Amino acid sequence: MKKIYLSLLFAAASVVAANAQVATFEDIVIGEEGHMSVSTEDDDDRTEFTSGSYTFATGCMHDWDYWYWFGYANQKETTYTTLDDQWRNIVGGGYNGSANYGVAYAAAFNGPCYVTVPGDEGATVPGFYITNSAYAYTSMLNGDGYAKKFGLGDWFKLTITGYAGDEVTGTKEYYLADLRDAAKAYIINDWRYVDLSGLGKVTKIGFELSSTDGEDAWSMKTPAYFCFDDFGATGTEILPEKNINFAATFEDITVEGTESFFADKTQVGVNPWNSVDYTLDTYYSNSWGSDYFADYVVSNCTATDGTSYDKPYQSTAGGAKNGNNYAVFFADYYNTVDGSIYLAAPSRVSGFWVCNTTYVAYGIKNWDGMSSDNKPFGQDDYFKLFITGYDINGEETGTVEQMLIDCTDAKEWHYIKDWRWVDLTSLGNNVMYVKFTFDGTKKNDWGLTTPTYFCIDDFGGDAPAKNTPYEVIEQPTAITNVAAEKSNNAVRKFFKGGRLVIAKDGKLFNASGAEVK
């Protein structure tokens, strides 16, 4: 008899749950790119709102433009810049392409925020869809001056508690970000289903946020927001895929000895290797009777005396940006290398530190025997790096250009001598790999004659508050002042053939003011 009674109770609860209308928020009128009002005195009197069959607690203090617990919005932008953007989510719009969605501000000092379940006896709630707010996502990804950027070991957690009256029916923890395991690290950036059936029959559900950025929920610095949709819907809970990659510092690569380098020569041809979450290649050949390397090697060289191909793995900065090791890329003239760095999972790449090699730096100031015009770099010459992002389907996501040597401005020739940050965030959030290619003005029938090398460190690392300045090049002695001044409006005087010559506005004049042809 007892079993029959319990079965009837379960059946009744199931009916209530089945009859409950999912909270899609589409039944709430929201202006385009709008959100719940928090600007009038009437808003202060609002303590809850309803969507579908569910009631969501809310609060407002319009004098402070402040709200708490639950709200709703209709916004497609996914970036966060100021607090005006606190209603945005990282996907843009609601679940499955819908317009409206819920927003929760669950700061601990406001207390837990509650959803009331329909029916006097409550019901079992199947679940709902969740994603990160643009505010929390941006903060965890980059830091925000108050909250820290998330690193290995960090997490951002939603604790969901079911209640039948005042009795707790169960608790569920759901991680909006989980970086405890580098191999599985993620920050949610899409809609994910959260299964609540394990809470059992409930009359209300409470939500609280916590993170590793703070001693407890009350001191949490991570923005206490999440976005949700289709509350009460059925679905399947699937853990997020890895989408956070930790910086390749190359310190995890063993370089034997000092003033040396690591190059994988496991086999002739392409040899893949990893630094943390990134995969790079070394191309190896011994066809010419000695070891030949292209693509990527890892160097610990600190000397700067390299002026030719016999010492190609020295940085002009005299070592790494951080630590001891850095990578050096060489795109050989036979096109045997791919020039790509592969991510462990599609995500955003913050950027990297770049530096020239001493071999390249010597070549721009002194003819290295390769360039077709038998001259070092002069006016209008340049050596440029292209960084192109590709998604998992091999489609381009964007390209960033970085000058390594730039003599296009006659007033200030410059090159990268110290480590300089290259921002790659414009490549987007779904980059699977990036490819490096070169362009420049020094070419022959085989392609570029400038040595196609550059140094790289902390790929995917933290961007600096301020970038390092460019090094101004002293104009090479092999280039005459005349050549350097051709597009310079400044006046310069010098001797040529024992006679005084004046350069002005790109023209030459003698001491009497007559133009020298």
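The values are calculated or read from the model by the stated rules, or taken from the named source; none is laboratory data. A quick note: this is a predicted structure, and the numbers were derived from the prediction, not measured. Cβ coordinates were reconstructed from backbone atoms using ideal geometry, including for glycine residues, and neighbour counts include every protein chain displayed. Please note that ligands, DNA and RNA were not included when accessible areas were found on the heavy atoms of the full protein model with its side chains. Shrake-Rupley method; radii C 1.70, N 1.55, O 1.52, S 1.80 Å.
Across the options Leu196, Ser210, Thr249, the greatest Cα extent toward the positive end of the charge dipole of the range 120-277 (unit charges at beta carbon of Lys, Arg, Asp, Glu) belongs to Thr249. Count Lys and Arg as plus one, Asp and Glu as minus one, and take only other residues whose Cβ is under 13 Å from that of Ala182; the net charge is then -2. Calculated accessible area for the range 329-465 comes out at 40 Å² per residue, all protein chains present (probe 1.4 Å; ligands, DNA, RNA ignored). For the range 228-272, the list of GluC sites (Glu not before Pro) that fall in a loop by DSSP and count at most 15 other C-beta atoms within 10 angstrom reads Glu237, Glu241, Glu256, Glu259.
With 30 Å as the limit on Cα-Cα distance, the pairs of Lys417/Lys442; Lys149/Lys311; Lys411/Lys443 that go past it are Lys149/Lys311.
Roughly how many percent of the accessible protein surface of the chain is carbon and sulfur, given a 1.4 Å probe and a whole-percent answer? The C+S portion of the solvent-accessible surface of the chain is 49 percent. Using the Cα centre of the chain as origin and beta-carbon charges of +1 (Lys, Arg) and -1 (Asp, Glu), tell me which of Ile28, Ser275, Gly162 is placed farthest towards the positive end of the dipole. Value: Ser275. Estimated from helical segments only, the mean residue ellipticity of the chain at 222 nm is -2500 deg cm²/dmol, where each DSSP H run of four or more residues counts as -39500 (n - 2.57).
Value of Rg to Rh for the range 55-149, rounded to two decimals, is 1.00; Kirkwood radius and Rg both from alpha-carbon coordinates.
For the range 221-325, the ratio of Cα radius of gyration to the globular rule of thumb 2.2 N^0.38 Å stands at 1.67.
Computed with a 1.4 Å probe on the full set of protein chains, the accessible area for Asp195 sits at about 50 Å². Computed over protein heavy atoms with a 1.4 angstrom probe, the accessible surface ordering of Thr254, Thr212, largest first, is Thr254, Thr212. Per-residue surface analysis assigns Met140 an accessible area of about 0 Å², computed on protein heavy atoms at 1.4 Å probe radius.
Dipole check for the chain: with +1 at the C-beta of Lys and Arg, -1 at the C-beta of Asp and Glu, and the Cα centre as origin, the magnitude is about 1740 Debye. Working note: Cα gyration tensor of the chain, eigenvalues times five, square-rooted, sorted largest first, giving semi-axes of 61, 28, 18 Å.
Absence of a disulfide-compatible partner, taken as no other cysteine beta carbon within less than 4.7 angstrom, is noted in the chain for Cys60, Cys113, Cys227, Cys301, Cys407.
Would you mind computing Rg(Cα) / (2.2 N^0.38 Å) for the range 81-126, counting N as its residues?
The reported ratio for this selection is 1.56.
Short-range pairs are left out: with C-alpha atoms under 8 Å and at least six residues apart, the relative contact order of the range 25-106 is 29 percent.
Evaluate the Kirkwood expression for the hydrodynamic radius of the range 284-323, namely the inverse of the mean inverse distance over all pairs of different C-alpha atoms, and round to one decimal in Å.
11.6 Å is the Kirkwood radius here.
Restriction of the trypsin sites (Lys or Arg not before Pro) in the range 367-446 to DSSP coil positions whose beta-carbon has at most 12 other beta-carbons within 10 angstrom yields Lys411. With a 1.4 Å probe rolled over the protein heavy atoms of all chains, the accessible area of Val168, Val29 falls in the order Val29, Val168, largest first. Starting from the Kirkwood Rh over alpha-carbon pairs, what translational D in µm² s⁻¹ does the range 116-245 have by Stokes-Einstein at 10 °C and 1.306 mPa s? Translational diffusion coefficient: 103 µm²/s.
Solvent-accessible area of Asp252, all protein chains in place: 80 Å² (probe radius 1.4 Å, heavy atoms, ligands and nucleic acids excluded). Loop-located chymotrypsin sites (Phe, Trp or Tyr not before Pro) in the range 73-177 (DSSP state other than H, G, I, E, B) with a sparse environment of at most 14 neighbouring Cβ atoms within 10 Å: Tyr146. Of the residues Arg180, Arg88, Arg348, ranked by 1.4 Å probe accessible area with the largest first, the sequence reads Arg180, Arg348, Arg88.
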